[in-house]
Amino acid sequence: MADDVKRMADLLKSGATMLSDICPECGSPLFRIKGEVFCAKCNKPVVYARATGPTATISPGNSFESLEQTLVGKISETNEFLKTEKDLEKLQAYSNLVFGWLSTLEKLRKVKDSFREA
Ligand SMILES: [Zn+2]
């Protein structure tokens, strides 16, 4: 097995995720491990400029921001319903919704942090 293929396998085994980005030097798929972007072929961490790099067009940060705003908006809208709603079944349904949104927000923020670390 070629060294780079073996390294890719090792990276994946140690919990790395394969990114959709490619290495600006050799064109191999990049891996994210422990907040670092790593090229298995070059066998070194890759630091690429976000503004000009391959991620410029795929900007997960922006979609996360907008999803986060939507969720926060939904939660505050639901809060208004909760204030006036007396029907227990509806209240239950609303709180389930809010709970779901809150856990989504929590996960979202973790994912956003992992992007920021890079
Ligand atoms: Zn490379």
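Computed from the coordinates by the stated procedures, all read-outs in this text should not be read as laboratory data. Note that the coordinates shown come from a computational prediction; the quantities given were computed from them, not determined experimentally. Neighbour counts run over all protein chains shown; Cβ positions are idealised from the backbone, glycine included.
Can you give the percent of C-alpha pairs in the stretch 60-117 whose distance is more than 16 Å? Result for the distance tail: 47 percent. Over all other residues within a Cβ to Cβ distance under 14 Å of E106, the charged ones net out to +2, with Lys and Arg as +1 and Asp and Glu as -1.
The order of the peptides 13-25, 104-116 by mean Cβ neighbours within 10 Å, most packed first, is 13-25, 104-116. When the charge dipole of the chain is built from unit charges on Cβ atoms (+1 for Lys and Arg, -1 for Asp and Glu) and taken about the Cα centre, the candidate among N96, P45, S66 whose Cα reaches farthest toward its positive end is P45. Over all Cα atoms in the chain, the spread is summed up by Rg and Dmax: 20.4, 66 Å.
Of the peptides 30-43, 87-100, the order by per-residue mean of other Cβ atoms within 10 Å, starting with the highest, comes out as 30-43, 87-100.
For V37, the residues 5 or more places off, or on other chains, whose built amide H falls under 5 Å of its own are V46. Please work out whether the stretch 3-45 counts as rounded, prolate or oblate from its C-alpha gyration tensor, where a ≥ b ≥ c are the square roots of the eigenvalues and a/c under 1.5 means rounded, while otherwise a/b larger than b/c means prolate and anything else oblate? It is oblate, given that a/c is not under 1.5 and a/b is not larger than b/c. A Cβ-based charge dipole, computed about the Cα centre of the chain with Lys and Arg at +1 and Asp and Glu at -1, lands at about 300 debye. With a Cα cut-off of under 29 Å and a minimum spacing of 8 residues unless on different chains, the lysine pairs in the chain number 25.
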